[in-house]
Every structure is written in structure tokens, then in C-alpha cells.
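Here is the structure we will look at, set down as C-alpha cells.
The values are calculated or read from the model by the stated rules, or taken from the named source; none is laboratory data. Quick caveat: nothing in here was measured; it's all calculated off a predicted structure. Reconstructed Cβ throughout: ideal geometry from the backbone, glycine too, with neighbour counts over all protein chains shown.
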Amino acid sequence: MRKRLALLGLCTALAGVVVAAGLGVRELTGGAFAEHAGTVLYATLMYLLVCLALLACLIVLTCLKITTIAVGLGPIALGRVTVAACWLVELYQLTGVPARLAAHSTLSRLALGAAFQPLDLFWYVVGAVIAVGLHWTGSRLCARRLGSLTTRPSGTDVVGPQGEAVPLGAKAATAPPDSAAAR
């Protein structure tokens with residue numbers, strides 16, 4: 001639980017850094033560079049928001065003692081979710097609703113954009129790939145520093161009732177391990 005809360009704080013702080021970098025790039029530079037760098041940073045922020053949402057859900061599940069089906073997502077899966085979310089926001093711009101909202105709100109313009117830009121679809125992938133790379137590298141550096149792997153074990157996707165890793169395709173044990181020996 002402490003590790004998840006620490007990760008929640010780290011993701012929140014990194015999101016603040018990304019927002020500041022995006023606003024800084026927008027203010028200090030111009031032209032195509034500012035536009036594309038902003039799009040890449042938007043995707044990076046979206047990656048962090050996906051991580052924050054997942055961590056918040058896992059914390060709530062832990063508090064509710066529902067840990068048998070807590071599925072962890074690796075960086076690549078998070079990157080895929082990020083690209084999908086960014087593309088949905090970009091495609092939403094085709095409806096014209098974000099443009100109308102952007103005319104009245106700077107925050108709405110920054111969050112949803114105003115006009116569909118097909119090239120942004122590419123830059124979202126670039127931003128997600130950068131975020132995945134940074135996540136993967138950071139996880140490995142932390143693992144080396146701590147002396148143990150901080151991400152879920154390879155080949156597992158489910159955490160069992162006692163916090164153990166359950167191999168892909170296997171069901172989490174619901175009975176204590178000693179019950180089979182009692183027969």
C-alpha cells in the first residue's frame with residue numbers, strides 16, 4: 001500500500017512537471033516545434049493520468065480488501081491505453097464540440113484542443129513511446145537500486161489472495177494452501 005501511495009505521489013508530481021513543461025514550451029517557443037512538442041507532452045501527461053487512474057483504483061480495491069483480481073498493467077499496455085485515449089480526444093474534435101468549448105475556455109482548449117490535426121495522431125504515439133521508455137527505464141533503475149524487481153513478475157498478471165503472483169492463465173487460489181494437504 002505504501003508503495004502505491006508513493007507511486008501516486010510520484011505520478012502526480014511528474015504530471016505537474018509535464019504540465020509546466022508544456023506551458024513553458026508553448027510560451028517560450030513557437031511554430032511547428034511548439035505545436036508538436038506540446039502534442040508529445042500531452043500524450044506523456046495522458047500516460048501519467050492513466051497511471052494515476054490505475055493506481056487510484058488499485059488503492060481503493062486494496063482498502064476494500066478486494067485484492068484477488070488486482071490486475072497490473074505493464075508500461076506497454078499503459079502506452080496502448082494512452083494512445084487510444086489521445087486518439088479518442090483527437091477524433092472528438094471532429095464533432096466541433098471542443099472548438100465551441102475552446103472559444104469560451106482556455107482550460108478546455110488545452111485539455112481537448114480545438115481542431116482536428118491528423119499529424120497529432122502520430123505525435124501521440126511518439127509521446128506514448130517516450131513515456132513507456134521512461135517508465136521502463138525508471139522501473140529498472142529502481143529495481144537495481146532496491147535490489148529487487150519493483151514491477152510485477154514476468155509472466156504474471158494476477159495477484160492472489162496472499163499477494164502472491166499467479167501465472168498467466170492460472171486461477172488465483174481461494175483456499176489456503178494447507179487445505180489440499182489435509183485430504
Point to revise | Selection from the stretch 2-47 of residues that are farther than 22 Å from Ala115 by Cα, of a type outside the set (Gly, Ala, Ser), modelled with pLDDT under 90 and out of contact with any Ser or Thr (no Cβ under 8 Å at 6 or more places or on another chain) | key: Arg2, Leu5, Leu7, Leu8, Leu10, Cys11
Check your understanding: What number of residues within the stretch 88-117 are surrounded by 15 or more Cβ atoms within 10 Å (Cβ to Cβ) and outside any loop (DSSP other than H, G, I, E, B)?
Key -> 11
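So that you can scan it fast, the table gives a plain yes or no per residue for (1) more than 14 Å from the chain's Cα centre (by Cα); (2) modelled with pLDDT under 85; (3) assigned to a helix (DSSP H, G or I); (4) under 27 Å from Ala37 (Cα atoms):
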site	(1), (2), (3), (4)
Val81	no, no, yes, yes
Trp123	yes, no, yes, yes
His135	no, no, yes, yes
Asp157	yes, yes, no, no
Check your understanding: Within the stretch 20-36, which residues are out of contact with any Phe, Trp or Tyr (no Cβ under 9 Å at 6 or more places or on another chain) and assigned to a helix (DSSP H, G or I)?
Key -> Ala20, Ala21, Leu23, Gly24, Arg26, Glu27, Leu28, Gly31, Ala32, Phe33, Ala34
Review point. Exactly one of (1) part of a loop (DSSP other than H, G, I, E, B); (2) more than 24 Å from Phe122 (Cα to Cα); (3) in contact with a helix residue (DSSP H, G or I) (Cβ under 9 Å, 6 or more places away or on another chain) is unmet by Leu73. Its number?
Key: (2)
